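**Student:** Encoded as structure tokens, here's the structure I'll be asking about.
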Amino acid sequence: MGDHHHGPAKGLSRWLFTTNHKDIGTMYLWFSFSMFILGGAFAMIIRAELFQPGMQLVEPAFFNQMTTLHGLVMVFGAIMPSFVGLANWMIPMMIGAPDMALPRMNNWSFWILPPAFLILAGTLFMEGGAPNFGWTFYAPLSTTYAPPSVTYFIFSIHVLGLSSIMGSINIIATVMNMRAPGMTYMKMPLFVWTWLITAFLLVAVMPVLAGAVTMMLMDIHFGTSFFSAAGGGDPVLFQHIFWFFGHPEVYIIILPAFGVVSQIIPTFARKPLFGYDSMVYATAAIAFLSFIVWAHHMYTVGMPVAGELFFMYATMLIAVPTGVKVFNWVTTMWRGAMTFETPMLFCMGFLVLFTIGGFTGLMLSIAPADFQYHDSYFVVAHFHYVMVAGAVFSMSAAVYYWLPKWCGRMYSETMGKTHFWISFIGFNIAFFPQHFVGLAGMPRRIPDYALQFADFNMMSSIGAFIYGASQILFLYNVVATIVAGKPTSEAKTWEGAEGLEWTVATPAPYHTFETPPQVR
Amino acid sequence: MLLKANRLRELALGPVLMLLGLASAGAAAAGDKVNQVNMAPGATEIGQSIYDLHMLIFWICVIIGALVFGVMFYSIYYHRKSRGVTPSTFHESTKVEIAWTVVPFLILIGMAVPATSTLLEIYDFDDAEMDVLITGYQWKWKYEYLDENGENVSFFSNLRTPQGEIYNTADKGEHYLLEVDEPLVIPVDTKVRFLVTANDVIHSWWVPELAVKKDAIPGFINETWTKASTEGIYRGQCAELCGKDHGFMPVVVNVVSKEEYAGWLETKKVEAAEIRDLMAQTFTMDELMTRGKAVYERNCLACHGANGEGGVGTAIAGSAVAMGDVSGHLEIGINGVPGSAMQAFGGQINDVEMAAVITYQRNAFGNNMGDMVQPIDVYNHKKG
């Protein structure tokens, strides 16, 4: 074996040419964090402009570019790649595999991401400005009426989609073929299960998104009229295609987060996950339902009443498997022996806030009530409760949870908890009042607003600045841990942790499980 | 009860806001809607049903939330390691899983029943007593009262808030951003059917207190309706991102008594006749410039700038179009530039307004062409 054991190459080439799942995972995580900061900076501009009524800092046209880029960068640049990074690091270690199944493709799926985002961010400096039609880019605002930079945006979306599809194929191939002997599907850690299902969702819907942007490209440059009513096309068709991608997309974002929470809660409750089987089935049910609920984003487009009813009932059904998951997590805690280290705090925060986001989701599913909620700040509050408190909180939990295993150093618990509490408080000050202004009639994506919304908007902005600042603390915590954290070599960082990743040395060696472990 | 709830809210919110230094003096002007935290039942029966539905589901969620979080916090308090507990090992129960699949499903059915009946009511378009065609434009609304005799009354409704208030050089008025030059006027206790469409991109016509939100989509005509039971002024906004001035295209609906409505409609018809007379007149340069300036500020300024310097649109000051041949200038004004944000204004402003604004553009901003366009020229150009 001796010659076979080699460490990483030196210098830049280590990162450029690496096929190691841990290196690639690390790059994904750092890249997504930098995109999180960039998307966050856009959000700070939005909240600064909305601090008071009246136009103060930016022009309406630029404001629209900020809302668009904030959404695109957060969804495609921050949240999705962060979970792919986590999958790269953890899936091989959790299933006892030496690496991902397709290491060279793995390198490529990461390295096409930075150029794609460079192009997307570069549109800010183009004539006519960056895309300004919202992250949902409804036609014809995004076609006939779009700035010239839309073509670069389309190219960038194609590349991102390619990266996601390759990443997903890799995860599917790894999970299906490289599990250690004895690890049957129903013995896989839940994080692996949720990612396997997510990967299938990605493979199914990313090509649909690619189709949508290609049709836009044709409309803009090649004289077709897919989405132009004047040429016999149909602007509503765009929304159907977009949301056929878009709804599974939101589960693509949240399912891996469910997986993370399902790993962490049992650890700190010191008790096995309650209802493992039903958790797997619930995840599969959510994934299936995600394909038949897309038009609940379109209740006001003028669908026939039969369509409204179908999508309303189907959407309401999602509450069932989602409820099962929440009940299982709470029951896992029941009669455990809990401690509240930073990862657990973030999971508790997730559980409370995601559940609130789930409730507003249920309210939004009710078509007649949605006629009032639709496109208001109530929707903005809803999806930030599920995206930020759901996906981003669980990602923070994951980083604190596995960081000691990754770098062999322990983070400062005090700093970690400080990060949690500032995030939690800032998040709620930022987003809770948005429910109020939404119900009171404030539309989303407006750069200026009527006077009755002033107080809550100022509150929301202050909360957003607090939440934004707490992420700098996160960066500090991670860097301080890597550089100067207390060294630890315990294989099992957490007393109650279970799973193969806790059987390898700490810090995890460059190559793990070259000889597959036997799972009983 | 409602009063009490409001009072409680103020008591709870007051100190929080003051702590953050948020007591905003300007907002006090906006009246009883300041810091509204919930949906308003509004002025229609449908609005009331939607509000009831909203509150029903809200309370169901509150109860479920209280149960789930109650169990969770009980567990957090009593089942913590520091209390010296030994963890249990139980980890599955098919019976429990079935129970918490079936019970929520039954609760959902309980929600679906009232939701379905409200939805069916909303989708009952029959027996409308009058029709109004609503067309969304970047960034204004056009209202057209469809008359059986073909005597349609139509007008545009533009934001009235001055630029000075928006850019903080003047104090903001009570209805900042929610005021228009000409509101939609409809009679009380009348089922009014709205036919909603758009001219350029997708907009969405939303008046919370009338419980109407419908997307205005180019190429489609959507149906919706309202029946207001109280007179009053109801304000809303465009709800679908429609470009630069999406935040600046409010909806104002004035619900008046049936008599007042009939009188108003008559006045509008007389006004329309007067404009038809104006079309035959010849104007002086000064008259055209005065009228033209007003038309420019309402329709052109948003894209072409206060001094014709351009912005979203091209510059008019010194432009080849404004300083070139009149018929080319008229062509762009009337028919727009297909495939761009420059709309065809021929159908949006009347011939007097078109003549005035073209004259204005040719003689303002240092263009000084010295020529005039009369309504008859516009008419002839349209005829081809």
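The values are calculated or read from the model by the stated rules, or taken from the named source; none is laboratory data. Not measured: the values here are computed from a predicted model. Here the Cβ positions follow ideal geometry from the backbone for every residue, glycine too, while neighbour counts run over all protein chains shown. When the accessible area is computed, the model is the full protein with side chains, heavy atoms only, and any ligands, DNA or RNA have been set aside. Shrake-Rupley method; radii C 1.70, N 1.55, O 1.52, S 1.80 Å.
**Student:** At what distance in angstrom do the alpha carbon centres of region B:315-337 and region A:434-509 lie from each other?
**Tutor:** 54 Å
**Student:** Follow-up question, since we're still on this one. When only the heavy atoms of the protein chains count and the probe is 1.4 Å, how do B:176, B:74, B:51, B:167 rank by accessible area, highest first?
**Tutor:** So, going from the largest accessible area down, we get B:74, B:167, B:51, B:176.
**Student:** Output ³J(HN,Hα) for region A:332-345: one whole-Hz value per residue in order, computed from phi by the Karplus curve 6.51 cos²θ - 1.76 cosθ + 1.60 with θ = phi - 60°, and x for Gly and Pro.
**Tutor:** 4, 6, 4, 6, x, 10, 8, 10, 10, 6, 3, x, 5, 4
**Student:** Go through region A:274-284 residue by residue and turn each phi into a ³J(HN,Hα) via Karplus (6.51, -1.76, 1.60, θ = phi - 60°); whole Hz please, and just put x for glycine and proline.
**Tutor:** Listing the rounded values in order: 7, x, 3, 4, 5, 5, 5, 5, 5, 4, 5 Hz.
**Student:** Amide H of residue B:191 versus every other amide H placed in the peptide plane: which residues, excluding those fewer than 5 positions away on the same chain, fall under 5 Å?
**Tutor:** Sorted by chain and number, the residues that satisfy this are B:129.
**Student:** Within 10 Å, count the other beta carbons around each residue, average over each peptide in A:69-81, A:286-298, and list them highest first.
**Tutor:** Packing proxy ranking, top to bottom: A:69-81, A:286-298.
**Student:** Any chance you could look up the accessible area of residue B:71 with a 1.4 Å probe, heavy atoms only, rounded to 10 Å²?
**Tutor:** Probe radius 1.4 Å; accessible area of residue B:71 about 60 Å².
**Student:** Right, next: Which distance in Å, rounded to a whole number, links the C-alpha centroids of region B:350-366 and region A:296-367?
**Tutor:** After rounding, the separation between the Cα centres reads 57 Å.
**Student:** Which order do the peptides B:207-216, B:34-43 come out in when sorted by mean C-beta neighbours inside 10 angstrom, highest first?
**Tutor:** The densest-packed peptide leads the list: B:207-216, B:34-43.
**Student:** Can I ask one more? Could you bin all the Cα-Cα distances of region A:408-520 into 10 Å bins starting at 0 and give me the percent of pairs in each, rounded to whole numbers?
**Tutor:** In order of increasing distance, the bins hold 12, 26, 21, 17, 14, 8, 1 percent.
**Student:** Something else now. Test of the criteria: in region A:471-520, which chymotrypsin sites (Phe, Trp or Tyr not before Pro) are in a DSSP loop and have at most 12 other Cβ atoms within 10 angstrom of their Cβ?
**Tutor:** A:510
**Student:** Please calculate the 1.4 Å probe accessible area of residue B:109, with all protein chains present, and give it to the nearest 10 Å².
**Tutor:** 80 Å²
**Student:** Sticking with this one: Which three lengths, in whole Å and largest first, does region B:94-176 cover when its Cα atoms are put on their principal axes?
**Tutor:** Projected onto the principal axes, the Cα atoms of region B:94-176 cover 66, 48, 22 Å.
**Student:** Residues of A:223-232, mean number of Cβ from any other protein chain within 10 Å of their own Cβ, rounded to a whole number?
**Tutor:** Taking all residues of A:223-232 together, the mean is 2.
**Student:** Over region A:214-301, what per residue volume does the convex hull of the Cα atoms give, in whole Å³?
**Tutor:** 112 Å³
**Student:** Please compute the average number of Cβ atoms from other chains found within 10 Å of each residue's Cβ in peptide B:74-87.
**Tutor:** Mean number of neighbouring Cβ atoms from other chains: 5.
**Student:** So, one more: When the Karplus curve 6.51 cos²θ - 1.76 cosθ + 1.60 is applied with θ = phi - 60°, which whole-Hz ³J(HN,Hα) does each residue of region A:365-370 get, with x for Gly and Pro?
**Tutor:** 5, 6, 3, x, 5, 5
**Student:** Quote the relative contact order of chain A in percent (integer), defining contacts as alpha-carbon pairs under 8 Å separated by 6+ residues.
**Tutor:** 18 percent
**Student:** Counting only residues 5 or more places away or on other chains, whose amide H sits under 5 Å from the amide H of residue A:234 once H atoms are built in the peptide plane?
**Tutor:** So residue A:234 has HN proximity to A:227, A:228.
**Student:** Same structure again: Given the protein assembly as shown, what percent of its DSSP beta bridges are antiparallel, to the nearest 5?
**Tutor:** Once the DSSP bridges in the protein assembly as shown are tallied, antiparallel ones form about 75 percent.
**Student:** How much accessible area per residue does chain B have, counting only protein heavy atoms and a probe of 1.4 Å, in square angstrom?
**Tutor:** 48 Å²
**Student:** For each pair in A:187/A:271; A:417/A:486; A:187/B:95, compute the distance between the two Cα atoms and list the pairs where it is over 20 Å.
**Tutor:** Violating the 20 Å limit, Cα to Cα: A:187/B:95.
**Student:** While we're here: Taking loop as defined by DSSP and a crowding limit of 16 other beta carbons within 10 Å, which GluC sites (Glu not before Pro) in region B:253-338 fit?
**Tutor:** Counting only loop positions with at most 16 other Cβ atoms within 10 Å, the GluC sites (Glu not before Pro) in region B:253-338 are B:309.
**Student:** Now, a different point. Give the Cα extents of chain A along the principal axes, in whole Å, largest first.
**Tutor:** Over chain A, Cα extents along the principal axes are 69, 49, 46 Å.
**Student:** Just the number, please: carbon plus sulfur as a percent of the accessible area of region B:263-384, 1.4 Å probe, no ligands or DNA/RNA counted.
**Tutor:** Of the solvent-accessible surface of region B:263-384, carbon and sulfur hold 56 percent.
**Student:** Further question on the same structure: For chain A, what does the accessible surface come to per residue with a 1.4 Å probe? Please give it in Å².
**Tutor:** Per residue, chain A has 31 Å² of solvent-accessible surface.
**Student:** Determine the sum of side-chain charges near residue A:302: Lys and Arg each +1, Asp and Glu each -1, restricted to other residues whose C-beta is under 9 angstrom from that of residue A:302.
**Tutor:** -1
**Student:** For B:106-113, what's the mean count of beta carbons from other chains sitting within 10 Å of each residue's beta carbon?
**Tutor:** Going residue by residue through B:106-113 and averaging, the value is 4.
**Student:** Oh, and also: Could you order peptides A:84-94, A:48-58, B:195-205, A:237-247 by the average number of other Cβ atoms within 10 Å of their residues, highest first?
**Tutor:** Averaged packing, sorted descending, gives the order A:84-94, B:195-205, A:237-247, A:48-58.
**Student:** Any idea what the relative contact order of region B:173-247 is, in percent, if you count C-alpha pairs under 8 Å spaced at least 6 apart?
**Tutor:** Relative contact order comes out at 33 percent.
**Student:** For chain A, with all protein chains present and a 1.4 Å probe, just round the carbon and sulfur fraction of the accessible area to a whole percent.
**Tutor:** The C+S portion of the solvent-accessible surface of chain A is 71 percent.
**Student:** Next question. What aspartates and glutamates sit close enough to residue B:33 to cross-link, taking a C-alpha to C-alpha distance under 14 Å and skipping anything fewer than 8 places away on the same chain?
**Tutor:** A:455, B:10, B:174, B:209
**Student:** Percent relative contact order of chain B, based on C-alpha pairs within less than 8 angstrom and at least six residues apart?
**Tutor:** Once normalised by length, the contact order is 12 percent.
**Student:** If you build the Cα gyration tensor of region A:407-465 and take the root of 5 times each eigenvalue, what three semi-axes come out, in whole angstrom, biggest first?
**Tutor:** With the √(5λ) rule applied to region A:407-465, the semi-axes are 34, 10, 9 Å.
**Student:** Region B:221-327: percent of C-alpha pairs farther apart than 25 Å?
**Tutor:** 51 percent
**Student:** Can you list the residues, at least 5 places off or on another chain, whose amide H is less than 5 Å from the amide H of residue A:449, using H built in the peptide plane?
**Tutor:** A:54
**Student:** Here is a further query. Roughly how big is the B-A contact, given as buried accessible area in Å² (both sides, 1.4 Å probe, nearest 100)?
**Tutor:** Roughly 8700 Å².
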